[in-house]
Amino acid sequence: MSLLIKNGTIVNDDAMFKSDVLVHDGKIVEIAPSIDPTPGLEVVDATDRFVIPGGIDPHTHMQLPFMGEVAKDDFHRGTEAAVAGGTTMIIDFVIPTKGESLLVAYDRWRGWADPKVVCDYGLSMAITSWGPEIAKEMEMVTKADYGINSFKFFLAYAGVFMVRDEEFYQGMLQCAKLRALARVHAENGAVIAERCEHLLSSGITGPEGHTQSRPEELEAEATFRACTMASQANCPLYVVHVMSKGAAAAIAHHRKKGAVVFGEPIAAGLATDGSHYYNEDWLHAARYVMSPPLSRDPSTPNALMKLLAAGELHLTATDNCTFDCHQKSLGKDDFTKIPNGVNGVEDRMSVVWDKGVHAGIIDPMKFVAVTSTMAAKIFNCYPQKGRIAVGSDADIVIWNANATRTISKDTHHHAIDFNIFEGMQVHGVPETTICRGRIVWADGQLRTVQGAGRFVPLPPDSQIVFSAVDNRGKALEPVKVERAPYVATTLEAPDAN
Ligand SMILES: C[C@@H](CNC(N)=O)C(=O)O
Ligand SMILES: [Zn+2]
Ligand SMILES: [Zn+2]
């Protein structure tokens, strides 16, 4: 199976240049200014188009069982939506129930994903309980045949996924020992639980209760606390779905002290805000319920994009975890029962291009960095993924920077009946998506095959994550002072009275 992409401008995270790309058997085999087509070779004309690495979305929850429901985008529809939007790899999360073996949960997720994915995928593992058995299984799943190199800890969702600080700290010590990245959902779950109770007892049951139960400073406080604990454990930390300026400031504070911390804003937080929670239409407001909530500060989306430009936030994701209108309506009398989660995996690339490149805040190379390359480097599958280079997987998108599209539930490929970006016109359109050398999206049509995607094992000890840790560890080594044993003398005996 071969493909020739002609007349395009290649964009990697570090360079842009006009060149042709020859693909054979799923790999990029040649990059040159002009490659002549041979008979029978399929040619894709990329004149006036960018040729970019396929997007990597490092944070999705396809068909997640959560809050009594199952997320509607499963590994088939969710990865179809991904490729329709220019994403060619997702990293989803194995989330064991409390007390469940990591290995049992891992097998369940592999059983769900392998037969369905239309693009490649990797897995991150959530730690929802703690004990020596979990620590041992963490070590097992970082081995090659499991391919896990990151572990997520929830500081929210009390009683469901949440772990206590000491469990989080011990989990990070184990991550550091295994050279695996710790990821955190940073909210103060204990205070949130109290605030939910108070709001409901005060008669506030609508989606406005959700955002008021989770003031932004509860994300900022938990983010600061998580960064502090990670520092103490000398464990690199990755903060998922950074939704507020305060959380971003906490990350910057610790990075300025030399801590290895990565911040991940998501498409929803880069393109919309928490004003929707106050919409008088209950269902409209409920559609935006996710945690942490969208910021109530309308300047936050633009601020988060600028922090990506400045390198204080590092890569984008979506936290795609979709529930349809019926499922959202299960919380019609109690906001704590609205399944948390929003869409994003189909629209992330266009949203980041529109709010970033078209808005003049980031350049195309930074766009590639924050939508693909940084994820490949952090999760240790670079340059197999995340680069247009000879030898890399042929995960490629033909990107039309000048085209626009209007996002709508009527045209999206998600398995839900609404889209949080409904009606938004965005610049930057993926015209052709190629997964390991096969065209899976072109001319507005999917050409996908269920199960054609492959699981990508992610090895520990990513350089961008761990290369500073050893020296930093030396500086943090505990100090023992050698001294003669202390002997109390009569002169020092305490007064008799
Ligand atoms: C459960 C999952 C998706 N839901 C959400 N972010 O509201 C998460 O918290 O990341
Ligand atoms: Zn989360
Ligand atoms: Zn998530």
task = Could you sort out which of Lys143/Lys177; Lys72/Lys152; Lys177/Lys474; Lys177/Lys257; Lys6/Lys385; Lys136/Lys177 sit more than 18 Å apart by Cα distance in this structure?
result = Lys72/Lys152; Lys177/Lys257; Lys6/Lys385
task = With a 1.4 Å probe and every protein chain left in place, tell me how much accessible area Thr433 has, in Å² to the nearest 10.
result = 0 Å²
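Rounded to the nearest 5, what is the percent of antiparallel bridges among the DSSP beta bridges in the chain?
50 percent
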key: Alpha-carbon spread of the range 117-229, three principal axes, descending order, Å   = 52, 38, 23
inquiry  = As a test of the formula, what do you get for the chain when each DSSP H run with n ≥ 4 contributes -39,500 (n - 2.57) and the sum is divided by the residue count, at 222 nm and rounded to the nearest 500 deg cm²/dmol?
reply    = -8000 deg cm²/dmol
inquiry  = Which trypsin sites (Lys or Arg not before Pro) in the range 431-497 sit in a loop by DSSP (not H, G, I, E or B) and have at most 11 other Cβ atoms within 10 Å of their own Cβ?
reply    = Lys480, Arg483
query = How large is the accessible surface per residue of the range 292-429, computed with a 1.4 Å probe and reported in Å² as a whole number?
reply = 30 Å²
key: Qualifying GluC sites (Glu not before Pro) in the range 1-80, DSSP loop, other Cβ atoms within 10 Å at most 14   = none
message = As I understand it, the value is the acute angle between the Cα axis of helix 102-113 and the longest principal axis of the Cα atoms of the chain; what does it come to in degrees, rounded to 10?
response = 20 degrees
note = Rounded to whole angstroms and listed largest first, the alpha-carbon spread of the range 336-385 along its three principal axes comes to 41, 30, 16
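I need the semi-axes of the equivalent ellipsoid of the chain: take the C-alpha gyration tensor, multiply each eigenvalue by 5, square-root it, list largest first in whole angstrom.
Numbers: eigenvalues 314, 164, 87 Å².
After diagonalising the Cα gyration tensor, the semi-axes are 40, 29, 21 Å.
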inquiry  = What whole-number volume per residue, in cubic angstrom, does the convex hull of the C-alpha atoms of the range 385-483 give?
reply    = 237 Å³
Carbon plus sulfur fraction of accessible area for the chain, probe 1.4 Å, in percent = 53 percent
key: Inter-site label distance for His198 and Leu476 at 7 Å from Cα along Cβ, in nm   = 3.4 nm
note = In degrees rounded to 10, the 0-90 angle between helix 132-141 Cα long axis and the longest Cα principal axis of the chain is 20 degrees
task = For the range 324-468, evaluate the Debye formula with one uniform point scatterer on each Cα (no solvent term) and list log10 I(q)/I(0) at q = 0.10, 0.12, 0.14 Å⁻¹, rounded to two decimals.
result = -0.46, -0.66, -0.87
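Sequence gap at least 6, Cα distance under 8 Å: using those rules, report the relative contact order of the range 383-497 to the nearest whole percent. Please list the in-between numbers first.
Values: 105 pairs, mean separation 20.8, N = 115.
Taking the mean separation of contacting Cα pairs over the length of the range 383-497, I get 18 percent.
Roughly what % of DSSP beta bridges within the range 1-159 run antiparallel, to the nearest 5?
Antiparallel: roughly 40 percent of the beta bridges in the range 1-159.
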key: Heavy-atom accessible area per residue - the range 8-85, 1.4 Å, Å²   = 38 Å²
note = Toy charge model, Lys and Arg Cβ at +1, Asp and Glu Cβ at -1: the range 163-233 dipole around Cα centroid in debye, rounded to 20, equals 440 debye
key: Size-normalised alpha-carbon gyration radius of the range 4-52, reference 2.2 N^0.38 Å   = 1.08
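Could you give the length gained by full extension between Asp36 and Asn7, i.e. 0.36 nm per residue of separation minus their alpha carbon distance, to one decimal place?
Additional length available on full extension: 9.3 nm.
Tell me the trypsin sites (Lys or Arg not before Pro) within the range 155-201 that lie in a loop according to DSSP and have at most 14 other beta-carbon atoms within 10 Å.
Arg164
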remark   = Share of Cα-Cα pairs in the range 187-340 beyond 28 Å, whole percent, is 21 percent
Per-bin percent of Cα-Cα distances, the range 242-321 [5 Å] = 3, 16, 26, 22, 15, 9, 5, 2, 1, 0
inquiry  = As a test question: what accessible area, to the nearest 10 Å², does Lys409 have when a 1.4 Å probe is rolled over all protein chains in place?
reply    = 90 Å²
request  = Measure nothing but the geometry: give the 0 to 90° angle between the long axis through the Cα atoms of 245-255 and the longest principal axis through the Cα atoms of the chain, rounded to 10°.
outcome  = 70 degrees
task = Rounding to the nearest 20 debye, state how big the charge dipole of the chain is about its Cα centre with +1 on each Lys and Arg Cβ and -1 on each Asp and Glu Cβ.
result = 780 debye
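The values are calculated or read from the model by the stated rules, or taken from the named source; none is laboratory data. On a predicted model such as this, the values are computed, not experimentally measured, just so you know. All Cβ positions, even for glycine, are placed from backbone atoms using ideal geometry, and neighbour counts span all protein chains on display. Ligands, DNA and RNA are excluded from the accessible area calculation, which covers all protein heavy atoms including side chains. Shrake-Rupley method; radii C 1.70, N 1.55, O 1.52, S 1.80 Å.
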